[in-house]
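The values are calculated or read from the model by the stated rules, or taken from the named source; none is laboratory data. Since we're looking at a predicted model, the values are computed, not measured. Here the Cβ positions follow ideal geometry from the backbone for every residue, glycine too, while neighbour counts run over all protein chains shown. What goes into the accessible areas is simple: the full protein's heavy atoms, side chains included, and nothing from ligands, DNA or RNA. Shrake-Rupley method; radii C 1.70, N 1.55, O 1.52, S 1.80 Å.
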Amino acid sequence: MAHKAPSHPTACLALADGTLFYGRGFGATGDTIAELCFNTAMTGYQEIMTDPSYAGQVVTFTFPHIGNTGVTPEDDETADPVAAGMVVKWDPTEPSNWRSAGTLSDWLAARGRIAIGGVDTRRLTRAIRQQGAPHVALAHDPDGNFDTAALVAKARAFSGLEGVDLAKEVTCAQSYRWDEMRWAWPDGYARQEDPKYKVVAVDFGAKRNILRCLASAGCDVTVLPATATAEQVLAHNPDGVFLSNGPGDPAATGVYAVPMIKDVLKADIPVFGICLGHQMLALALGAKTVKMNHGHHGANHPVKDHDTGKVEITSMNHGFAVDAQTLPAGVVESHVSLFDGSNCGIRLADKPVFSVQHHPEASPGPQDSFYLFEKFAAYMAAKAA
């Protein structure tokens, strides 16, 4: 069934079930295949496109005004966009923002990312919610020539994200130090010049702002690639170990990461995990993970902290979840989603080891979750004492 095409469509989104959405292309030309998800955030489209956790996915934005604040290098979470493409309701307008250094379309084009505007994103989002995240092919041709049968065939041939290790594709090539702190008016990003704790961050697809939050919490951060061994991690004699966010199936990345995490846990130092790091910590402790129907992607997700009874408004981006029913004895479920009851955090009952599913550094207005970085620092201070 084909979606009603606007006059002279220059882009086409083909779903594996044969549904076609036509619209106006912007950004790069060509085609790409990926899993389709939707994000409900009203701000932060540039951070979303450069979040490594979106590797292998095209993002549908439910908020219609995408691109209206332009782009700025300060908002990149990695050097280049990682999401495969984007779908929006309205074509991006000329940016109106004092921080803007360029247009969204030019930024995408320069980085080889395809986008489509003029799409009924409500209908598309409803389809994703009802049927699960579909496999899609997204094409942009200024002349409007589309072989729709070939696009549908490409979408059907996409292998999906289950069983796929994407961390190796987005991790750093070699280790590096990080000392940049969170953005603050009017100076922008300051440097951490008086760190108190030595932290090794294992990069499964780390966002820059997570590293900035560690630095702001007093950490001297050394980032290691996803494939780092426990020996390489512990050789830095860290006060704590951080397991970053990232894309793909935690069980696939866990093939090499879980043995590392198990050995790090034996060292009896504080461990803090986020997103993919949370899922793999759970695997290392004996739990299981599951693929979600359409995942959680947005900046308005309510999460309850069982330890305090407080509800945090959080930013989320994940298509897999920890199965709380499989948590072994001694592992406490600390946070839970108030949308669907899925697991959003764990901690060890007798050790300074904890993790959360949401992205606590992404402040969607409220800064409800920064305390997690301070908690990690407090654990390291207590260990040192």
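List of remarks:
- Entry remark, segment 137-188: residues being part of a loop (DSSP other than H, G, I, E, B) and within 22 Å of the chain's Cα centre (by Cα) number 15 in total.
- First in segment 73-98 and within 21 Å of ILE116 (Cα to Cα), second anywhere and surrounded by 17 or more Cβ atoms within 10 Å (Cβ to Cβ) and among the basic types (Lys, Arg), Cβ under 6 Å, 6 or more apart: PRO81/ARG113; GLY85/ARG113; ASP91/ARG24
- Boolean, THR29 is hydroxyl-bearing (Ser, Thr, Tyr) and modelled with pLDDT of 95 or more: yes
- Applying a threshold of 6 Å to beta carbon distances and a minimum spacing of six or more residues, or different chains, the list of pairs starting in segment 42-65 at a residue that is under 10 Å from GLY85 (Cα atoms) and ending at one that is among the aromatic types (Phe, Trp, Tyr) and part of a strand (DSSP E or B) reads THR60/PHE38.
- In segment 57-68 there is no residue matching the filter, namely being farther than 27 Å from LEU276 by Cβ, open to solvent by 40 Å² or more (accessible area, probe 1.4 Å) and of a type in the set (Ser, Thr, Tyr).
- Residue match in segment 304-315 (condition: aliphatic (A, V, I, L, M), open to solvent by less than 20 Å² (accessible area, probe 1.4 Å) and touching a residue at least 12 places away in the same chain (Cβ under 8 Å)): no
- Here THR93 meets the list (1) out of contact with any His (no Cβ under 9 Å at 6 or more places or on another chain); (2) of a type outside the set (Gly, Ala, Ser); (3) more than 27 Å from PRO247 (Cβ to Cβ) almost entirely, failing just condition (1).
- When we screen ALA235, ALA252, ALA215 for residues that are under 25 Å from PRO81 (Cα atoms), of a type in the set (A, V, I, L, M) and either open to solvent by 10 Å² or more (accessible area, probe 1.4 Å) or touching a residue at least 60 places away in the same chain (Cβ under 8 Å) (or both), the only hit is ALA252.
- The residue that is nearest to THR40 (Cα to Cα), among those in segment 318-327 that are touching a residue at least 12 places away in the same chain (Cβ under 8 Å) and open to solvent by 10 Å² or more (accessible area, probe 1.4 Å), is GLY319.
- When the residues of segment 275-294 are filtered to those that are touching an Asp or Glu at 6+ places or on another chain (Cβ under 8 Å) and not small (Gly, Ala, Ser), the one that is most open to solvent (accessible area, probe 1.4 Å) is LYS288.
- Leading residue by the ranking (modelled with the lowest pLDDT) among those in segment 39-52 that are in a loop (DSSP other than H, G, I, E, B) and β-branched (Val, Ile, Thr): THR43
- Residue in segment 163-179 that is buried (at least 18 other Cβ atoms within 10 Å of the Cβ), over 22 Å from PHE376 (Cα atoms) and not aliphatic (A, V, I, L, M) present: yes
- ILE66, sole failed condition from (1) assigned to a helix (DSSP H, G or I); (2) at pLDDT 95 or above; (3) over 24 Å from LEU166 (Cα atoms): (1)
- Residue count for segment 22-37 under the criterion of being buried (at least 20 other Cβ atoms within 10 Å of the Cβ) and either of a type in the set (A, V, I, L, M) or not in a strand (DSSP E or B) (or both): the result is 3.
- Residues within segment 348-385 that are without any contact (Cβ under 8 Å) to a residue 40 or more places away in the chain and farther than 22 Å from ARG182 by Cβ, tallied: 4
- Qualifying positions in segment 348-385 - assigned to a loop (DSSP other than H, G, I, E, B), within 29 Å of ASP323 (Cβ to Cβ), open to solvent by 60 Å² or more (accessible area, probe 1.4 Å) and not acidic (Asp, Glu): ALA349, LYS351
- From the list ALA79, ALA83, ALA55, the one residue that fits, being modelled with pLDDT under 95, within 19 Å of the chain's Cα centre (by Cα) and not hydroxyl-bearing (Ser, Thr, Tyr), is ALA79.
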